[in-house]
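Data first, discussion second: the structure below is written as structure tokens.
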Amino acid sequence: MDRVLFGDNQFFGVNHMSEEKARTQAMRFQHIGAVIEVLEDAYAEGIRTFMCTTHQRMSEVCDHFRTHREKYPGYKFYPCLPYAHKYANAAAELGVLGAIRSFLPQENALGALLKGGMSLARKDIEGLAELLVGAELKMFQGLDTPIIFLQNVATDFLLGLGFDEAFKIFADCVRERYQAEAGFITMNAPLLLKRLEKVGIQNPIICANINKIGFRMCGGMQAYDEMITQGRCRLIAMSVFASGALPPKEALEYVCGYPQIEAIVFGASSRRNIAQTKQLIDGLTQGR
Amino acid sequence: MGLSHQSIANAHPEIELKAVCDTSSYVLDILAKYTGVKTYTDYKKMFAEEALDCVFVATPSRYHAEVVTAALERGLHVFCEKPFALDPSSGYLLAALAESKGLVNQVGYHYRFIAAFNEAKRLLDLKVIGKLHHVRVEAYGPVVLRPKGSTWRSQKSEGGGCLFDYACHAIDLVNYLVGRPISVSGTVLNSVFSSDVDDEIYSTLQFGDGFYGQLATNWSDESFRKMSVKLSFWGDNGRINVDRQELQIYIRTLPESLEGFETGWNTRYTTELTAPVWFYVRGEEYSAQIDHFVHCIKTKATPLSNFRSATDTSLVASLMRTDAEKPRTAIESPNEQGGAAASPSSKPATRSLLGRLFNAGRS
């Protein structure tokens with residue numbers, strides 16, 4: 001895993017501090033060319049991994065990287081699925097089952113449909129998960145996706161229900177079908193780690209908010225500190241700037257102060273900010 | 001909502017989830033198989049067989065009153081999804097029943113648990129922007145984006161429509177922050193895509209003493225990623241804009257007692273205002289409201305959002321529906337003689353503003 005990963009919130013109108021800023025970003029990145037420009041800036045700064053949701057618009061980015069593979073040697077995608085708003089909106093309109101049905105593969109598909117229908121009817125979660133994961137990952141075909149993540153809203157929803165078996169089902173599915181490792185994004189990392197270990201997932205890849213002010217670090221900073229220093233999981237820190245509440249240097253000094261944290265994911269829109277963050281992390285990492 | 005509450009409640013250290021009840025045996029079978037929870041398809045049977053302290057009711061709105069009544073009669077504390085009772089008179093009866101039995105009653109108006117709105121409440125209560133003369137509340141988002149949909153949300157008889165969804169959140173926040181309006185007027189309930197229900201609501205609110213407001217809600221706006229609620233307040237000493245992310249306040253004359261603010265614009269962000277929660281699924285407020293419910297049961301406190309306050313919200317919404325049926329003041333084109341010609345679409349009861357002005361001008 002690379003030390004620095006590039007995130008995608010800025011491309012899809014997600015900003016935890018300001019709706020105005022989110023809208024400005026949504027406008028700026030309306031055309032996928034603007035997204036690719038920023039990814040190229042990041043690439044030029046030495047960032048080779050793009051951690052991204054399975055938002056429908058991402059398929060255009062995937063197309064670009066497939067077509068111009070030779071321009072970006074070593075480029076990796078870490079898909080994060082599902083794109084939850086899609087399901088939430090569909091569930092409000094079609095009901096839970098209707099929503100699931102609407103996202104099962106449509107094309108080539110007599111087999112897939114039958115299988116989906118069978119999986120639905122038999123309450124065969126493994127089969128259903130395989131189809132839904134397949135539908136989400138279709139856009140990444142032919143690209144390097146060594147780690148595939150379950151988004152925090154899905155992880156934490158299942159975690160709350162106590163549906164721990166789902167994590168195992170997901171991990172098995174991405175390993176067997178995509179030869180990839182499973183990752184889990186969460187706002188409740190200490191609790192998640194215990195449950196993952198319980199279903200036999202050892203040394204899991206966990207991506208969680210880790211920042212100096214404890215923003216969305218549920219379970220408390222002490223539990224996070226213990227989890228990090230015990231080294232029982234491979235950690236990716238996200239929201240390290242706490243949505244801009246922390247100055248970059250102070251924020252990164254805190255996170256880089258934990259040698260156990262394997263990687264840091266951040267999003268930015270300007271070459272200057274990308275360069276500054278990358279250089280700060282590199283500097284703080286080498287100096288350890 | 002039911003599954004989301006289940007996930008959050010199940011993760012609460014002081015809640016032991018005993019059973020769930022749903023009409024979908026499909027979902028129940030999966031829950032039973034993978035989470036081990038006991039399941040029912042008949043809530044009456046569940047109430048009779050399980051030793052319960054409290055219940056979360058997240059059925060379609062029109063069943064709320066029936067299930068809540070049964071729960072209260074069993075002596076259970078109740079958390080009910082909004083909009084609580086669709087009929088205000090039944091809502092007030094349920095509030096009285098819960099109060100008379102000393103049972104904690106809460107309604108899922110989760111915006112009352114968003115830190116930025118609570119900071120706005122604090123500043124409004126301190127009268128930092130002076131005497132209020134206007135509030136504007138807006139709620140937009142992408143729920144109904146095409147003319148279809150088969151769930152209860154698209155049916156009027158089931159309590160569907162934007163009025164008892166987005167608009168109720170907006171009304172409830174206004175009630176929470178500045179008190180219930182004393183009248184509504186000029187209400188528009190309009191359909192954009194839905195055939196049976198409204199997709200957008202606009203209304204004028206009156207609070208008395210020269211304080212008015214406007215409400216604008218529309219759940220057919222795809223330009224928003226998810227529901228977005230914003231309020232703006234104007235007072236004689238400044239202005240507040242607030243949404244879930246941030247609070248902006250403009251202060252003309254800084255009150256001496258107010259620390260941490262300056263004259264002119266000030267901004268407070270959610271990151272600094274939001275208190276941590278023990279478990280996070282989809283926003284701190286969803287966790288905070290459930291923790292609050294537990295806290296109220298333990299301390300016998302009255303919840304921030306209760307049957308009575310939620311019924312106040314339903315009452316305002318119902319009055320908006322009535323108001324929307326009232327005649328409008330039509331603007332009619334003057335005829336060649338300079339008088340007013342009745343527009344073909346104007347109803348008999350419609351008063352003609354332009355006509356009266358012209359007539360007044362001639363006399």
Next item on the list: For the stretch A:71-87 and the stretch B:266-297, compute the distance between their C-alpha centroids and round to whole Å.
Entry: 30 Å
Next item on the list: Would you pull out the residues with amide H under 5 Å of B:Ser183's amide H, same chain only if 5 or more places away, H placed 1.01 Å from N?
Entry: B:Gln206
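Test of understanding: what is the full-extension gain from B:Ser100 to B:Asn335, defined as 0.36 nm times their sequence separation minus their Cα-Cα distance?
Numbers: separation 235, 0.36 × 235 = 84.60 nm, distance 6.39 nm.
Difference between extended and current length: 78.2 nm.
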Check: With θ set to phi - 60° and the Karplus curve 6.51 cos²θ - 1.76 cosθ + 1.60, what are the ³J(HN,Hα) couplings of the stretch B:120-126 in order, to the nearest whole Hz, using x for Gly and Pro?
Finding: 4, 4, 4, 5, 5, 4, 7
Notebook entry, point to check: Using Cα pairs under 8 angstrom and six or more residues apart, how large is the relative contact order of the stretch B:111-273, in percent?
Noted result: 31 percent
Note to self: Show me, for the stretch B:54-69, the HN-Hα J-couplings you get by feeding each phi into the Karplus relation (A = 6.51, B = -1.76, C = 1.60, θ = phi - 60°), rounded to Hz, glycine and proline as x.
What the structure shows: 8, 9, 9, 9, 9, 7, x, 3, 6, 8, 3, 4, 4, 5, 5, 4
Note to self: I'd like the orientation of helix A:84-103 relative to chain A: the angle between its Cα long axis and the longest Cα principal axis, in ° from 0 to 90, rounded to 10.
What the structure shows: 10 degrees
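If the viscosity is 0.692 mPa s and the temperature 37 °C, what Stokes-Einstein diffusion coefficient in µm²/s follows for the protein assembly as shown when Rh is the Kirkwood radius over Cα pairs? List each step's numbers first, then the result.
On the way: Rh = 27.1 Å.
Answer, rounded: 121 µm²/s.
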Check: Helix B:284-299: angle to the longest alpha-carbon principal axis of chain B, degrees 0 to 90, nearest 10?
Finding: 60 degrees
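As a footprinting exposure proxy, order A:Cys173, B:Cys54 by other Cβ within 10 Å, with the fewest listed first.
Working: A:Cys173 21, B:Cys54 17.
Taking fewest neighbouring Cβ atoms as first place, the list is B:Cys54, A:Cys173.
Suppose every K and R has +1 on its Cβ and every D and E has -1 on its Cβ; what is the size of the dipole of the stretch A:192-251 about the Cα centre, in Debye to the nearest 20? Mind showing how you got there, number by number?
Working: 8 positive and 4 negative charges, 32 e Å.
For the stretch A:192-251, the charge dipole is close to 160 debye.
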Check: Rg and Dmax of chain B, using alpha carbons, in Å: what are they?
Finding: 23.3, 82
Notebook entry, point to check: Under the definition of Cα pairs under 8 Å and six or more residues apart, what whole-number percent is the relative contact order of chain A?
Noted result: 19 percent
Margin query: What is the distance in Å between the Cα centroid of the stretch A:163-219 and that of the stretch A:243-288?
Written below: 23 Å
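Note down the magnitude of the dipole of chain A about its Cα centre, charges +1 on Lys and Arg C-beta and -1 on Asp and Glu C-beta and zero elsewhere, to the nearest 20 debye. Mind dumping the intermediate values first?
Working: 31 positive and 31 negative charges, 11 e Å.
Computed charge dipole of chain A: roughly 60 debye.
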Notebook entry, point to check: Counting DSSP beta bridges with both partners in the protein assembly as shown, what percentage is antiparallel, nearest 5?
Noted result: 45 percent
Next item on the list: Could you pull out every residue, at least 5 positions away or on a different chain, whose amide H is within less than 5 Å of the one on B:Val143? Hs are placed 1.01 Å off N in the peptide plane, and Pro or chain starts have none.
Entry: B:Ser220, B:Asp221
Next item on the list: Count neighbours as other Cβ atoms within 10 Å of each site's Cβ, and list the trypsin sites (Lys or Arg not before Pro) in the stretch B:297-332 that are DSSP loop with at most 15 such neighbours.
Entry: B:Lys300, B:Arg328
Item checked: In order through the stretch A:32-49: 3J(HN,Hα) via Karplus (6.51 cos²θ - 1.76 cosθ + 1.60), integer Hz, x for Gly, Pro -> 5, x, 5, 5, 5, 4, 5, 5, 5, 4, 5, 4, 4, 7, x, 9, 10, 10
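Would you mind getting me the FRET efficiency between A:Met27 and B:Glu16? Use the beta-carbon distance for r and R0 = 60 Å, nearest 0.05.
Working: r = 48 Å, r/R0 = 0.81.
With R0 = 60 Å, the Cβ-Cβ based efficiency is 0.80.
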Item checked: Farthest positive-ward along the protein assembly as shown dipole, Cα basis, beta-carbon charges - from B:Cys54, B:Ser194, B:Ile251 -> B:Ser194
Check: What percent antiparallel are the DSSP beta bridges of chain B, to the nearest 5?
Finding: 70 percent
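Can you tally the net charge around B:Leu215? Count Lys and Arg as +1, Asp and Glu as -1, for every other residue whose Cβ sits under 11 Å from the Cβ of B:Leu215. The partial results should precede the final answer.
Numbers: positive: B:Arg136; negative: B:Glu138, B:Glu200.
Once positives and negatives cancel, what remains is -1.
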Notebook entry, point to check: List the aspartates and glutamates whose alpha-carbon lies under 15 Å from that of B:Lys18, not counting same-chain residues fewer than 8 positions away?
Noted result: B:Asp42, B:Glu49, B:Glu50, B:Asp53
Notebook entry, point to check: Quick one: Cα centre-to-centre distance for the stretch A:29-50 and the stretch B:220-261, in angstrom?
Noted result: 35 Å
Notebook entry, point to check: Assigning unit charges at the beta carbon (Lys, Arg +1; Asp, Glu -1) and nothing else, what dipole magnitude in debye, to the nearest 20, does the stretch B:75-174 show about its Cα centre?
Noted result: 240 debye
Check: Cα-based count: Lys pairs in chain A below 13 Å, eight or more positions apart or different chains?
Finding: 4
Notebook entry, point to check: Non-local amide H neighbours of B:Gly108 (under 5 Å, H modeled in plane, Pro and chain starts lacking H): which ones?
Noted result: B:Cys80, B:Glu81, B:Lys82
Checklist line | Residue among A:Val61, B:Ala275, A:Gln141 farthest towards the positive dipole end of the protein assembly as shown, charges placed on Cβ | finding: A:Val61
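Counting other Cβ atoms within 10 Å of each Cβ, which GluC sites (Glu not before Pro) in the stretch B:247-320 have at most 11 and sit in a DSSP loop?
Working: sites: B:Glu256, B:Glu259, B:Glu262, B:Glu272, B:Glu284, B:Glu285; in loops: B:Glu256, B:Glu259, B:Glu262.
Loop-located and lightly packed - B:Glu256, B:Glu259, B:Glu262.
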Check: Hey, with R₀ at 35 Å, roughly what FRET efficiency would A:Ala223 and B:Val192 work out to, going by the Cβ-Cβ distance, to 0.05?
Finding: 0.15
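Quick note: the coordinates plus some simple rules give every number you see, no bench work behind them. Note that the coordinates shown come from a computational prediction; the quantities given were computed from them, not determined experimentally. Note that we place each Cβ from the backbone using ideal geometry, even for glycine, and neighbour counts take in every protein chain shown.
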